[in-house]
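Colleague: Sharing a structure, written as structure tokens. Questions coming.
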Amino acid sequence: MKRRDFGFALMGGLTAALLPLRMAKAMATPKKRFIFVIARGGWDPLLTLAPMFQASAIQMPPESSPASIGGIALTDSAMRPSVRSFFEQHAAKSLIIHGLSVRSVAHDVCETTMLTGSATGSSPDHATRLAASSSVALPHLVVEGPSLPGELAPLVTRTGRAGQLQALVDGSIMERADVATSPLSRPTRELVDGFLARRLAAFADTSPRLGQEALEALSRKRRIEQLRGEVSFATDGSIESQIELAVSVLGADIAQCVTISPPISWDSHTDSDNQQTQYWEALFLALSRLMSRLAATPSPGTTASSSLAEDTVVVCLSEMSRTPRLNADQGRDHWPWTSALLVGPGLTGGRAVGGYDANYSGLGIDPATGETDPNRAATSPAQLGATLLALADLDASVFGPRVEPLLGVLT
């Protein structure tokens, strides 16, 4: 790649990477921030979130018992102490939604459906929709995990497993060319930025909307450059490292939504109960760390006493769950009903809504009250998405008039 091309890629900002050619109409920044924690592969809520001990058709994990912690019914076990510890501290702001129906047992279809509310793959995922009205530099930052932004793809930035985003920000990407090239000097960068600003302003005269969006992208690029040395976008892949980055970018007010994902597959077709015990224990240990970091980090643009824990919602989910009974290999196969955990402000916490029947099929929820309603269809991922939009004071009707947000679970 030529020096000129590298200079534009770096100094033209992250403009090319961040330019929102199809951003939604500008709105006020949502009041709430979001961190999505995606457990890929299909978790088993029976070990933690769904205590189905009274159903004879369901084979509950050994060395487990029903418990009520902070008003929430859970599966308790001495082998998973971090689950109990988490809810002892955070049950009051935790909401569990049971019986979500993904209507498939194929990983890709279920993941698409859970994240977007549709199996087609053409709709933006919930995290990107939540970030669409934000004016921050990186509306939806994906540290690790899936992203299906559809037409809102320009709003999404991935850090890159090889540290590509950090390399772009600090200039070291210049060394990755076939022929290593030195970054431009600061005066030259300022000249490039000034040239771009003048050209974009002229472009705005003929195409006001696109010109304005391009200028906003240049402004976001400058905001990221100002944070050189203060925020590192590099991680080592661990969930702990992902958490640190997620909290850092929210605290610096350069992201609205962040997606992270534990670096394991939950697809336990053999020895499932033992494997998933380890996965759940590690997950809730990480979630406790995440909540502590949010509580210790000031929320940008607020009083010194306000922390990110007061305006950040953690959405923890998986694309499917596991069968109610073990297979011949002591594993559990794919199951099309599952549960999700939401933690944060604006929720009627200390509560689990929805449920499962005796055969482990999902039960519906009355949208107005949040109470279980067996006469309704199981809650859909589209309803989950609409509920999250309503939680952020955004327009939930983008999912269509037949998708009702669960307003009864919101404060």
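Read-outs: derived from the displayed coordinates by stated rules, not from any lab. Nothing here was measured: the structure is a model prediction, and the numbers come from that model. Reconstructed Cβ throughout: ideal geometry from the backbone, glycine too, with neighbour counts over all protein chains shown.
Colleague: Could I have the simple spin-label model distance between Leu227 and Ser292, label points 7 Å from Cα toward Cβ, reported in nm to one decimal?
Modeller: Here the answer is 2.4 nm between the modelled labels.
Colleague: If only Cα atoms are counted, what is the Rg of the stretch 112-180, and what is its Dmax, in Å?
Modeller: Rg and Dmax of the stretch 112-180, Cα atoms, are 14.5, 45 Å.
Colleague: Excluding Thr112 itself, calculate the net charge of residues whose Cβ lies under 11 Å from the Cβ of Thr112, where each Lys or Arg counts +1 and each Asp or Glu counts -1.
Modeller: -4
Colleague: From the residues Leu47, Leu74, Ile35, which one has its Cα farthest along the dipole of the stretch 27-92 in the positive direction, the dipole being from +1 and -1 charges on Cβ of Lys/Arg and Asp/Glu about the Cα centre?
Modeller: Ile35
Colleague: Which net charge results when you count Lys and Arg as +1 and Asp and Glu as -1 among the other residues whose beta-carbon is under 14 Å from that of Ala392?
Modeller: +1
Colleague: A further question follows. Treating the Cα atoms of the stretch 70-160 as identical point scatterers in vacuum, please give the log10 of the normalised Debye intensity I(q)/I(0) at q = 0.14 Å⁻¹, two decimals.
Modeller: -0.74
Colleague: Please list 120-128, 104-112 highest first by mean number of surrounding beta-carbon atoms within 10 Å per residue.
Modeller: Going from most to least packed, we get 120-128, 104-112.
Colleague: Against the 2.2 N^0.38 Å scaling, with N counting residues, where does the stretch 325-411 land? I'd like the Cα-based Rg ratio to two decimal places.
Modeller: For the stretch 325-411, the normalised Cα radius of gyration is 1.22.
Colleague: Here is a follow-up. Mind checking which of Leu294, Ile260, Gln164 is farthest towards the positive end of the chain's charge dipole, using Cβ charges of +1 (Lys, Arg) and -1 (Asp, Glu) about the Cα centre?
Modeller: Of the options given, the answer is Gln164.
Colleague: Further question: Per-residue counts of other Cβ atoms within 10 Å, averaged by peptide: what ranking do you get for 90-99, 63-72, 328-337, 151-160, highest first?
Modeller: Descending packing order for the listed peptides: 90-99, 151-160, 328-337, 63-72.
Colleague: Tell me the volume per residue, in Å³, of the convex hull enclosing the alpha carbons of the stretch 145-244.
Modeller: Spelled out: Cα convex hull of the stretch 145-244, divided by residues, is 143 Å³.
Colleague: Please list 3J(HN,Hα) in residue order for the stretch 323-332, calculated via the Karplus relation 6.51 cos²θ - 1.76 cosθ + 1.60 where θ = phi - 60°; whole Hz, with x for glycine and proline.
Modeller: 4, x, 10, 6, 8, 5, 9, 6, x, 10
Colleague: So which residue, out of Ser288, Ser306, Ser380, gets the largest mean-square fluctuation from a GNM of the chain using Cα contacts under 10 Å as springs?
Modeller: In the Gaussian network model the winner is Ser306.
Colleague: So, one more: At a 10 angstrom cut-off on C-beta neighbours, averaged per residue, how do the peptides 371-377, 80-86 rank from highest to lowest?
Modeller: Ranking the peptides 371-377, 80-86 by packing returns 80-86, 371-377.
Colleague: Something else: What fraction of the DSSP beta bridges in the chain is antiparallel, stated in percent and rounded to the nearest 5?
Modeller: 50 percent
Colleague: Below 8 Å between Cα atoms, with a sequence gap of 6+, how large is the relative contact order for the chain in percent?
Modeller: Relative contact order comes out at 28 percent.
Colleague: Based on the alpha carbons, how large is the Rg to Rh ratio for the chain when Rh follows Kirkwood?
Modeller: 1.00
Colleague: Another one. Could you please report the charge total around Leu410, scoring K, R as +1 and D, E as -1 over all other residues with beta-carbon less than 12 angstrom from its beta-carbon?
Modeller: Overall, the nearby charge balance is +1.
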